[in-house]
Amino acid sequence: MIFATNFKTNNTRNSTRLYIESLKEFIMENEIKDDILVFPTSTAIDSFSLPENIRVGVQNAYPVEKGSFTGEIGLEQIAEFGIKTILIGHSERRTLLKEPQELIVNKFNYFKQKGFEIVYCVGESKEIRDEGFESAMEYIWSEFDGIDISYEKLTVAYEPIWAIGTGVSAKTKDIDEVLSSLRVKIKCPILYGGSVKSSNIKEIISIKDCDGVLVGSASWEVESFCKIIKNGIKG
Ligand code: PGA
């Protein structure tokens, strides 16, 4: 299983350090072997001494080593901390920041070429979902345009926009339907994201093609994220 936390614009440099220390302690004490990914804000990235299954990644970066891209970070700023994991295509970047598929593909190709582990997000809006399952799948597949789905360090995260930050996750049946359709072509791990919490993790993780979760709000406090991991571990 993969348990990923997306801090978005939450936690400080100091609280992130304390968070990661507590998380590490919890993982080691409980001998958890599942993969744990932490995506802090870019001001909080650092070199953390962690076991191999806990990895810190960036929520975003510009597809360059360095240069004139005001407000962005590039490979140079990430490599300083030995970070090799990146989140690409999150719906908040696609919608709020108007990131077009072309830029997303450039990011994907750049960080793929640099050997990064990529968590690639897709997911439909409420309007599209209301048109029905076929429309939702058509839209989701369009978000894979230009993306090498056979990249060996790829993880896909299916996050229906209407379930993000609402407190109401998608229904198990709906998630199952999308994940099984994706599974026809997508062989890498597939995560679900959208209002995952300790009370619904068991149900979500029991979905056949679900290999883990990407958690936002319910993961911003370490106790809450650890509870999700504890409740979600299979076996
Ligand atoms: P949420 O966010 O868990 O707060 O719904 C998930 C995400 O956006 O990755």
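Computed from the coordinates by the stated procedures, all read-outs in this text should not be read as laboratory data. Everything numeric here is computed off the predicted structure, so don't read it as measured data. Glycine also receives a Cβ, built like all others from the backbone with ideal geometry; neighbour counts cover every protein chain displayed.
Quick notes on this structure:
- In a simple Cβ point-charge model (Lys, Arg +1; Asp, Glu -1; nothing else charged), the range 2-234 has a dipole of about 320 debye relative to its Cα centre.
- For the listed peptides 14-27, 79-92, a ranking on the average number of other beta carbons within 10 Å per residue, highest first, reads 79-92, 14-27.
- Taking 16 Å as the straight-line reach from the Cα of Lys24, the aspartates and glutamates in range (excluding those fewer than 8 positions away in the same chain) are Asp34, Asp35, Asp46, Glu52, Glu221, Glu223.
- Whole-angstrom gap from the range 102-118 to the range 179-235, using each part's C-alpha centre: 24 Å
- Ranked packing of 165-173, 5-13, most packed first, by mean Cβ within 10 Å: 5-13, 165-173
- Highest mean first, the peptides 179-190, 131-142 sorted by other C-beta atoms within 10 Å per residue fall in the order 179-190, 131-142.
- Percentage relative contact order, the chain, counting C-alpha pairs under 8 Å, at least six apart: 20 percent
- Hits among aspartates and glutamates - C-alpha to C-alpha of Lys173 under 18 Å, sequence gap 8 or more where chains match: Glu124, Asp130, Glu131, Glu134, Glu159, Glu203, Asp209, Asp211
- Relative contact order of the range 100-206: 28 percent, from C-alpha pairs under 8 Å at least 6 residues apart in sequence.
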